[in-house]
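Down below is the structure, laid out as structure tokens.
The values are calculated or read from the model by the stated rules, or taken from the named source; none is laboratory data. Remember, predicted model here, so these are calculated numbers, not experimental data. Every residue, glycine among them, receives a Cβ derived from its backbone with ideal geometry; neighbour counts consider all protein chains shown. We work out accessible area using only protein heavy atoms, side chains counted, and drop any ligands, DNA or RNA first. Shrake-Rupley method; radii C 1.70, N 1.55, O 1.52, S 1.80 Å.
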Amino acid sequence: MTRRLRILHVDPERNWGGGEVQVLGLTRYLHRVGHVSHVATPLHGVLAQRLQHDHLAVQPLSVRNHLDGLAGWRLRRLVCREHYDLVHFHTARAHTLSPWLHALPVCRLVTRRMDYPIKTGWWSRLLYGSQVDMIIAISSSVATVLGTAHVSDRAIRIIPSGIDTKQFRPTAAQRRAIRRQYGLGEDTTVILTAGALTQRKSPHTLIEAAAQLHSSRQQGVPSLHYLVCGDGPLRQELEARVRALGLASVFHFAGFCRDVPAYLAAADIFVHTPVREGLGVAVIEALAAGLPVVASQVGGIPELITDRETGLLIPAQDPSALRNALLQYTHRPDWAKTLGIQGQAKVRTSFDIETTARANEALYYELLAPAP
């Protein structure tokens, strides 16, 4: 009989993002197949709320910063009390707690989701060296960043992010409901973007491309509206820019969107233009919904999209390239639909949460196996 594991996941983020999608999906799977899978996370965060909604165990843990000794001491006490086999850190802030578990009989691993360079110095060497047993990279791009920081290849395992693709099957009812909410007719082409409104996600790129398209209406550009799902520090600045460009009537800032599948059902095209991206859960979700996608050719995104086969890739922060890509989709809707279908097939095969979760589970067993 396969050994039943006791696993603690650590994710101290209060807000919802691609990493939290992974933690929730992985915890659901591990619980379903019979493991004890708990999540240490702030009790009032979105992840805790969704875990509790699914009757999954939450261990309250807040982490104020990268040097939070009180959080480290509380984590150590929790691990000693619950006798976990393995602790899985899911964010950079969580990872900084790994030294607090030194000398305990527990396996430690971390998932690295970001593709920005790792700072050099003794602290990084400690965190990525002796303080974890394995580092999961969510894409080849992230693995390359780790290698550049002199992390041993033997300490890196690539396991892509995944989603529950069954949740992303658009319905006509979802489409009507969201469009009605924003006063959008069925003949309106809706372009959706979803993600935190931060510099790294470069939301300005879509606004500037929309301004170029708006000035080209006389050239046969169809009626376009833009739905922006997400919140963040740039929101007021972005709304002001939209007003200054005369686009307030076609831009709809929806804030944090809890029901992402419904918004995807309402859209015709999905846009994702970050400057950096480890892989891109938002892109996976859009592809799973069958939408034609335009995305930046950065980080792990080319591992999701093959240009002109499963979507369109453009240079980062290039509004003109985005405008041209959107024109290609709007002028060739049948071709756009074909790319969406092909992208959907790829995601359902390779980026479903079941595939990701099984790979994580197999790695857990590998790390806990007795030395030969």
Scan region 185-195 and tell me whether some residue there is more than 30 Å from Gly129 (Cβ to Cβ), open to solvent by 40 Å² or more (accessible area, probe 1.4 Å) and over 23 Å from the mean Cα position of the chain (by Cα). yes
Can you tell me how many residues within region 109-122 are open to solvent by 30 Å² or more (accessible area, probe 1.4 Å) and in a loop (DSSP other than H, G, I, E, B)? 6
Check on Ala40, among the aliphatic types (A, V, I, L, M), surrounded by 17 or more Cβ atoms within 10 Å (Cβ to Cβ) and more than 23 Å from Cys257 (Cβ to Cβ): yes
Look through region 129-143, keep the residues that are among the small types (Gly, Ala, Ser) and in a helix (DSSP H, G or I), and return whichever of them is surrounded by the fewest Cβ atoms within 10 Å (Cβ to Cβ). Ser140
Residues in region 302-311: is at least one outside any helix (DSSP H, G or I) and either small (Gly, Ala, Ser) or in contact (Cβ under 8 Å) with a residue 60 or more places away in the chain (or both)? yes
Taking Ala336 as the residue in question, decide whether it is at pLDDT 95 or above, closer than 30 Å to Thr2 by Cβ and not aromatic (Phe, Trp, Tyr). no
Can you report the number of residues in region 144-162 which are part of a loop (DSSP other than H, G, I, E, B), open to solvent by 30 Å² or more (accessible area, probe 1.4 Å) and at pLDDT below 95? 3
Tell me whether region 352-371 contains one or more residues that are surrounded by fewer than 16 Cβ atoms within 10 Å (Cβ to Cβ), among the small types (Gly, Ala, Ser) and within 29 Å of Leu197 (Cα to Cα). no
Within the bounds of region 159-172, is there any residue that is of a type in the set (A, V, I, L, M, F, W, C) and closer than 16 Å to Thr91 by Cα? yes
Taking Thr171, is it of a type outside the set (A, V, I, L, M, F, W, C), open to solvent by less than 60 Å² (accessible area, probe 1.4 Å) and within 23 Å of Val283 (Cα to Cα)? no
